[in-house]
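**Q** Take this structure, written in structure tokens, and hold onto it; I'll ask about it next.
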Amino acid sequence: MDQVSKSKSDYLISRKDNQYEVIIGLEVHAQVTSESKLFSTSATKFGAEPNTQVSLVDAAFPGMLPVINEFCVKQAIKTGIGLNAKINNRSVFDRKNYFYADLPQGYQISQFKDPIVGEGKVILDMPDGQKEVGIERLHLEQDAGKSIHDIDPKNTFVDLNRSGVALMEIVSKPDLRSPDEVSAYIKKLRSIMRYLGTCDGNMQEGSLRADVNVSVRLKDSKNLGTRCEIKNVNSIKFMQMAIDYEANRQVDLIEEGKSIDQETRLFDTKKNETRSMRSKEDAHDYRYFPDPDLLPLEISDQFISKIKNDIPELPDDKKKRFIEEFKLSPYEATILVSDIDTARYFENVVSKMGKNKDIKLAVNWITGELFAVLNNKNLEISQSPISAKNLAILVNLIKNGTISGKIAKTIFELMLDGDKDPQQIVEEKGLKQQSDPKALGALIDKIINDNREKAIEYKQGKEKLFGFFVGQAMKASGGKANPQLINELLKKKL
Amino acid sequence: MTIDLKTIKHISKLSRISVDEEKAHKLAKDLNSIFDFIEKLNELKTNNVEPLTSVAETTLKLRTDKVKSKDIREQIIKNSPQDNEDYFVVPKVIE
Amino acid sequence: MSNITNQSLSELVKNIKDKKLSSEEVTNAFINRSEKSKELNAYITEDYSSALEKAKKFDQKPNLDLKLPGIPMAVKDLFCTKDVLTTAGSKILDNFVPTYESTVTQNIWDEGAILIGKLNCDEFAMGSSNETSFFGNVHNPIDKNLVPGGSSGGSASALAGQLTPITIGTDTGGSIRQPASFTGTVGLKPTYGSCSRYGIVAFASSLDQAGPMAQNVKDCALLQEVISTYDPKDSTSIDFKRNNYSSELTNKIKGKKIGIPKEYRVDGMPDEIEQLWQKGIEYMKDCGAEIIDISLPHTSYALPTYYIVAPAEASSNLARYDGVKYGFRAKGENLIDMYEKTRSEGFGAEVQRRIMIGTYVLSSGYYDAYYLKAQKVRKLIKNDFDEAYKKVDAILTPSTPSSAFKSGEKKDDPVSMYLNDIFTVPVNLAGLPGISIPAGHDAKGYPLGLQIIGKAFDEQNILNIAYAMEEKINFKNKINDWWIK
């Protein structure tokens, strides 16, 4: 945070004379990356045939008991460390009781009073500076199954594959102030968890979703307004749209002198609006109590420090290092560290470039040409058609003068087809830059001879003509001439 | 204390057990006599007592992250009152 | 051999090992007697033909190194048994056939025993008289009009009536010890965590324990040795060193310090219970034990605590019976309607009552006043025992405040029914082992039991004390086979 100023959101909602600030808190549900479920030994793979990853425990057969997965516990602790949070030596699993078709036990095992992870913080990189967002807690809980309402008009179908999969619920403090900050927050959380390997962050597959708490208040007011909770939003774009809609709805109510009901709302992605989940005939009363089938989870300091030793370099530290070690700008560093695969690719390129390397040039090629290609082809960097090794070779070829930047672009296009070695392309196509002063000198002599009149004009002061001679020389060399050398020679000979 | 019919109806909703008037009256009577008996606990001061949730003198054991339960869909669905071989089937959920 | 069914387990094992009896003969004998004993209504499910097949198979290649070689056995219908109907005494599970086996029963079959049937019990083990079962009341072999106790009433009745040589029950607040006491048999509730709860239909998870029921202490010790194993599938199972309870059994208890808690002398306790207790104290002295007066000051708070903790856990444990995955489903207009009708028609009155109590004490606004309060009192109750065990090795109390009562007598008065468990419930709350042994008869000739409560994991000690007492008491059950025409 040293060199960067603090970000200040200017997302305000204006009505007549009033300006309103929006207060947002998120409860993010992140699926823990693990082979088996939190309390059972069935698989967690996405997209399996319905009810094929369901054990007797997941379907809540009589007499079945939960046994906790150590890896999921470690993953939660890891994530807690990544969020700079306090890891609790003792946490308790509670039952959250309610009936639903896709909740086979009639309760969800979750953590209520004593979560595994306590307070922490996340730093967001906003365009105008950094912003700290407080983490209230992180706890482990079971996911529910899936109810499918649209196959049969009379019946609901239930698939329990997801039932019992481990989730981390990450609760932020109400520190967010705009849809952009929410987007940055989710991206940062996802980035940290992907670095740690604790959640794949795949929102399409539902690995990451959030309940969004929104309230509004007059700018500069200290009081919190009544909040509404928008349930289960599964994309950043929808979160932003939902917040925007909901904040405006609340402001309108206040302006009309009406009150806001504290309630749970749904975001309708088709109508782009939030609406009240019709309050059930009886209010929810989850009757939390400690699960008597499980004992308190006790974690020793030793256990925690062992996990700490395995924590990889996280985005904030990596960014700092990139700035210091590679002299990157904060902007470049932010781009490169935001996604672990990008950072990995970049670091691979750097390591393959050897001693005499031009890191700035590598960064430009990655964030320029490579990103453009990935974007066009809709690929992740982990699927990049050009390997880090070959990109490193290409950058080195430019750096050591073997090829010009222009030729490099041609070669880059050719490399896309089967990750070809650029060195080989240079040799096969004879694209090597001509840097032999003798040969180039002869070539220039010929051009000057052929364009005597223009040479005289130049000497008389028409300096614009210099570009003409450079162009002629490049053309004559088939684009392969070292432009710097051409410049030098021309200046001398003209 | 007394548990009134309104309370009985509320807890019957939470328990998802339908209760008609007659049953509600009977339950109210029974529960009131049981809670009269339970009220005895109020004689005790327990401010400084740690609640005891489990008598098991052990700590929670952790299992390794291995998939052991394979696809047993047939077994899982076999006992269900209604299914279609792939899914459990329940009457329409009305929100 | 004519008298097979009146042999103890130890005798049967010896006769099978000595090849004087085959498993088929023994199995047949118990099946025949069970067939003639339908009036007791001890069984919910009979599995005779499959049992005979298994017995024949056993005889073809008898493994006589096992602890229960070819011994037929019926078990409480709260244990899930693979491919055999398991109902928990409830309509809501009246068609449920598990595809899995409970750890406790698996341990039993692994030692060579053979399932002959599933025994009646109070619905979801909630009852003290076996009058809440969907499958009807069970009768006490002592007298037709008497309840056998509950909730393991079918187990006690079948055992006392010699329909099975040994059996297992579950004990949440006295469900093994009270029916054992009512039928003149031996019943042990082990330390919480001694026997796995995996595959047992749950009532109250923090209290439930499976345990052995037998004709005598030695048989009881042998069965405990078989069923008590550490089980990683149950997170509350405890990995401690288990004894070979039967071979380590001894009647030498000289010098043992036995506590007599004054708070168990409750108001309105019949004289004959007091006299029985005194007799027990004398026997203890005869065996060379030292009697020490102790105090368990929070005893009278145990039942109210239990009637918060157990229903609270049950209300949640029984939420899974919703008509979706297995069991009974009533027709409903929509999901919620289906739930409400299924649970209203599928559960009996006592179960519904307890679900309601449990829901109430956990509900918003009442949690602290009831549930949390009960957990704190539970701590005080446990502290009482911890304190007492600084001075004594075991505690002697009556098992029940009265002998078996008549069917229907307490059915409409839940509180007076609950009071039956006044001496057994504290043991569950503290997670301790307790054994009930028959110790005498009341004026009507009904059996009465004494309870020996031990330190956690000290089953061997209370079995030894019970074994020594048994010798002195020399109890004979008065059963005239009234139900056999």
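The values are calculated or read from the model by the stated rules, or taken from the named source; none is laboratory data. On a predicted model such as this, the values are computed, not experimentally measured, just so you know. Using ideal geometry, Cβ is built from the backbone for each residue, glycine included, and neighbour counts are taken over all protein chains shown.
**Q** Go through the range A:43-90 and give me each residue that's in contact with a Ser or Thr (Cβ under 7 Å, 6 or more places away or on another chain) and of a type in the set (Gly, Ala, Ser).
**A** Residues satisfying the conditions are A:Ala43, A:Ser55, A:Gly63.
**Q** Take C:Asp234 and tell me if it is of a type in the set (Asp, Glu), crowded, with 24+ Cβ neighbours inside 10 Å and either without any contact (Cβ under 8 Å) to a residue 12 or more places away in the chain or part of a loop (DSSP other than H, G, I, E, B) (or both). It would help to see each step written out before you state the result.
**A** Working: of a type in the set (Asp, Glu): yes; crowded, with 24+ Cβ neighbours inside 10 Å: yes; either without any contact (Cβ under 8 Å) to a residue 12 or more places away in the chain or part of a loop (DSSP other than H, G, I, E, B) (or both): yes.
In short, yes.
**Q** Collect the residues in the range A:236-282 that are hydroxyl-bearing (Ser, Thr, Tyr), in contact (Cβ under 8 Å) with a residue 24 or more places away in the chain and closer than 22 Å to A:His29 by Cβ, keeping them in residue-number order. Walk me through it before giving the result.
**A** If we filter the range A:236-282 for residues that are hydroxyl-bearing (Ser, Thr, Tyr), which is where we start, we get A:245, A:259, A:264, A:269, A:274, A:276, A:279.
Filter once more, so that each one left must be in contact (Cβ under 8 Å) with a residue 24 or more places away in the chain: A:245, A:259, A:264, A:269, A:274.
A:Tyr245, A:Thr264, A:Thr269, A:Thr274, listed by residue number.
**Q** Might you check whether a residue that is over 18 Å from the mean Cα position of the chain (by Cα) and at positive phi occurs anywhere in the range C:363-380? Break it down stepwise before answering.
**A** First, pick out the residues of the range C:363-380 that are over 18 Å from the mean Cα position of the chain (by Cα): C:363-380.
Still in the running and at positive phi: C:365.
The answer is yes; a qualifying residue exists.
**Q** Going by what's in this entry, would C:Leu68 be described as touching a residue at least 40 places away in the same chain (Cβ under 8 Å), closer than 27 Å to C:Arg353 by Cβ and either hydrophobic (A, V, I, L, M, F, W, C) or touching a Phe, Trp or Tyr at 6+ places or on another chain (Cβ under 7 Å) (or both)?
**A** no
**Q** Another question, if that's okay. In the range C:315-344, what residues are assigned to a helix (DSSP H, G or I), within 10 Å of chain A (Cβ to nearest Cβ) and free of Cβ contacts under 8 Å to residues at least 60 places away in the same chain?
**A** Residues of the range C:315-344 that are assigned to a helix (DSSP H, G or I), as a first pass: C:315-320, C:335-344.
Restricting the remaining residues to those that are within 10 Å of chain A (Cβ to nearest Cβ) gives C:315-320, C:335-336, C:338-340, C:343.
The answer is C:Ser315, C:Ser316, C:Ala319, C:Arg320, C:Leu335, C:Ile336, C:Met338, C:Tyr339, C:Glu340.
**Q** Something else about it: Of the residues in the range B:63-72, how many are surrounded by fewer than 18 Cβ atoms within 10 Å (Cβ to Cβ) and not hydroxyl-bearing (Ser, Thr, Tyr)?
**A** 5
**Q** So, one more: Hey, could you check the range C:84-125 for residues that are more than 18 Å from the chain's Cα centre (by Cα) and facing another protein chain (nearest Cβ under 8 Å) and say which is farthest from C:Ser23 (Cα to Cα)?
**A** C:Leu93
**Q** Which condition number in (1) more than 7 Å from chain C (Cβ to nearest Cβ); (2) under 30 Å from A:Phe303 (Cα atoms); (3) at pLDDT below 95 is the one that B:Asp65 fails?
**A** Tallying (1) more than 7 Å from chain C (Cβ to nearest Cβ); (2) under 30 Å from A:Phe303 (Cα atoms); (3) at pLDDT below 95, B:Asp65 fails exactly one: (3).
**Q** Which of (1) aromatic (Phe, Trp, Tyr); (2) surrounded by 15 or more Cβ atoms within 10 Å (Cβ to Cβ); (3) at pLDDT below 95 is the odd one out, the single condition A:Tyr331 does not satisfy?
**A** For A:Tyr331, the failing item is (2).
**Q** Right, B:Lys78: over 17 Å from C:Tyr307 (Cβ atoms) and at pLDDT below 95 or not? Walk me through how you get there before you give the answer.
**A** Details: over 17 Å from C:Tyr307 (Cβ atoms): yes; at pLDDT below 95: yes.
When the stated conditions are applied, B:Lys78 passes them.
**Q** Right, here's the next one. Quickly run through the range C:146-168 and pick out the residues that are farther than 17 Å from C:Gly449 by Cα and in a strand (DSSP E or B).
**A** Just the residues of the range C:146-168 that are farther than 17 Å from C:Gly449 by Cα, to begin with: C:154, C:158, C:161-168.
C:Ile166, C:Thr167, C:Ile168 - these are the residues of the range C:146-168 that are farther than 17 Å from C:Gly449 by Cα and in a strand (DSSP E or B).
**Q** List, please: which pairs have Cβ atoms under 8 Å, are six or more places apart or on different chains, and start with a residue in the range C:212-231 that is free of Cβ contacts under 8 Å to residues at least 60 places away in the same chain and end with one that is aromatic (Phe, Trp, Tyr) and outside any helix (DSSP H, G or I)?
**A** C:Tyr230/C:Phe240
**Q** Looking at C:Phe347, C:Phe405, C:Phe423, which is the one that is farther than 30 Å from C:Val186 by Cβ and either modelled with pLDDT of 95 or more or within 10 Å of another protein chain (Cβ to nearest Cβ) (or both)? It would help to see each step written out before you state the result.
**A** On the way: C:Phe405 fails: farther than 30 Å from C:Val186 by Cβ; C:Phe423 fails: farther than 30 Å from C:Val186 by Cβ.
Testing whether each residue is farther than 30 Å from C:Val186 by Cβ and either modelled with pLDDT of 95 or more or within 10 Å of another protein chain (Cβ to nearest Cβ) (or both) leaves just C:Phe347.
**Q** Could you pull out every one of the helices (runs of 4 or more DSSP H) wholly within the range A:376-491 that has 2 or more residues that are farther than 29 Å from A:Lys355 by Cβ and either over 40 Å from the mean Cα position of the chain (by Cα) or modelled with pLDDT of 85 or more (or both)? Outline the logic, then answer.
**A** On the way: elements: A:388-399, A:405-415, A:422-429, A:437-450, A:452-459, A:465-476.
Answer list for the range A:376-491: A:437-450, A:452-459, A:465-476.
**Q** Yes or no: A:Val122 within 13 Å of chain C (Cβ to nearest Cβ) and either of a type outside the set (Lys, Arg) or closer than 30 Å to B:Ile11 by Cβ (or both)?
**A** Working: within 13 Å of chain C (Cβ to nearest Cβ): no; either of a type outside the set (Lys, Arg) or closer than 30 Å to B:Ile11 by Cβ (or both): yes.
Against the criterion (within 13 Å of chain C (Cβ to nearest Cβ) and either of a type outside the set (Lys, Arg) or closer than 30 Å to B:Ile11 by Cβ (or both)), A:Val122 does not qualify.
**Q** Can you tell me which residue is farthest from the other protein chains (Cβ to nearest Cβ) among those in the range C:62-83 that are crowded, with 20+ Cβ neighbours inside 10 Å and of a type in the set (A, V, I, L, M, F, W, C)?
**A** Step by step, filter the range C:62-83, then rank; the result is C:Ile71.
**Q** Could you check the range B:1-26 and list, in sequence order, the residues that are within 9 Å of chain C (Cβ to nearest Cβ) and either touching a strand residue (DSSP E or B) at 6+ places or on another chain (Cβ under 9 Å) or closer than 25 Å to C:Tyr301 by Cβ (or both)?
**A** Hits for the range B:1-26 are B:Ile3, B:Thr7, B:Ile11, B:Leu14.
**Q** Another one. Mind checking which residues of the range C:332-349 are over 13 Å from C:Phe124 (Cα atoms) and either of a type in the set (Phe, Trp, Tyr) or under 28 Å from the mean Cα position of the chain (by Cα) (or both)?
**A** C:Tyr339, C:Arg343, C:Ser344, C:Glu345
**Q** How about the range A:134-235: which strands (runs of 3 or more DSSP E) wholly inside it have at least 1 residues that are touching a helix residue (DSSP H, G or I) at 6+ places or on another chain (Cβ under 6 Å) and in contact (Cβ under 8 Å) with a residue 60 or more places away in the chain? Walk me through how you get there before you give the answer.
**A** Values: elements: A:146-148, A:155-159, A:166-172, A:208-218, A:228-233.
Hits in the range A:134-235: A:166-172, A:208-218.
**Q** So how many residues does the range B:27-43 have that are surrounded by 15 or more Cβ atoms within 10 Å (Cβ to Cβ) and either at the interface with another protein chain (Cβ under 7 Å from one of its Cβ atoms) or charged (D, E, K, R) (or both)?
**A** Result for the range B:27-43: 7.
**Q** Give me the residue from the range B:52-62 that is at the interface with chain C (Cβ under 7 Å from one of its Cβ atoms) and modelled with pLDDT of 90 or more and, out of that set, surrounded by the most Cβ atoms within 10 Å (Cβ to Cβ). Give the steps one after another, and end with the answer.
**A** The first filter runs over the range B:52-62 and keeps only residues at the interface with chain C (Cβ under 7 Å from one of its Cβ atoms), leaving B:52-58, B:60-61.
Those left that are additionally modelled with pLDDT of 90 or more: B:52, B:55, B:60-61.
Values: B:Leu52: 22, B:Val55: 20, B:Leu60: 20, B:Lys61: 16.
Going through the qualifying residues, I end up with B:Leu52.
Table: residues versus (1) in contact (Cβ under 8 Å) with a residue 24 or more places away in the chain; (2) part of a helix (DSSP H, G or I); (3) of a type in the set (A, V, I, L, M).
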{"site": "B:Val49", "(1), (2), (3)": "no, no, yes"}
{"site": "B:Lys61", "(1), (2), (3)": "no, no, no"}
{"site": "B:Val67", "(1), (2), (3)": "no, no, yes"}
{"site": "B:Ile76", "(1), (2), (3)": "no, yes, yes"}
{"site": "B:Pro81", "(1), (2), (3)": "no, no, no"}
{"site": "B:Ile94", "(1), (2), (3)": "no, no, yes"}
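**Q** Moving to a separate point now. Hey, which of the strands (runs of 3 or more DSSP E) in the range A:1-110, taking only ones fully inside, have at least 1 residues that are facing another protein chain (nearest Cβ under 9 Å)? If you could, list the steps in order and put the result at the bottom.
**A** Numbers: elements: A:12-15, A:18-31, A:94-97, A:107-110.
It comes to A:94-97, A:107-110.
**Q** Find the residue count for the range C:350-397, including only residues that are more than 11 Å from every other protein chain (Cβ to nearest Cβ) and among the hydroxyl-bearing types (Ser, Thr, Tyr).
**A** Number satisfying all stated conditions: 2.
**Q** Something else now. Just to check your reading of the model, which residue among C:Ser196, C:Ser181, C:Ser175 is away from chain A (no Cβ under 14 Å), of a type in the set (Gly, Ala, Ser) and over 16 Å from C:Leu119 (Cβ atoms)?
**A** Working: C:Ser196 fails: away from chain A (no Cβ under 14 Å); C:Ser175 fails: over 16 Å from C:Leu119 (Cβ atoms).
Sole residue among the options that is away from chain A (no Cβ under 14 Å), of a type in the set (Gly, Ala, Ser) and over 16 Å from C:Leu119 (Cβ atoms): C:Ser181.
**Q** Mind checking whether some residue in the range C:7-29 is out of contact with any helix residue (DSSP H, G or I) (no Cβ under 9 Å at 6 or more places or on another chain) and surrounded by 21 or more Cβ atoms within 10 Å (Cβ to Cβ)?
**A** Yes, the range C:7-29 contains a residue that is out of contact with any helix residue (DSSP H, G or I) (no Cβ under 9 Å at 6 or more places or on another chain) and surrounded by 21 or more Cβ atoms within 10 Å (Cβ to Cβ).
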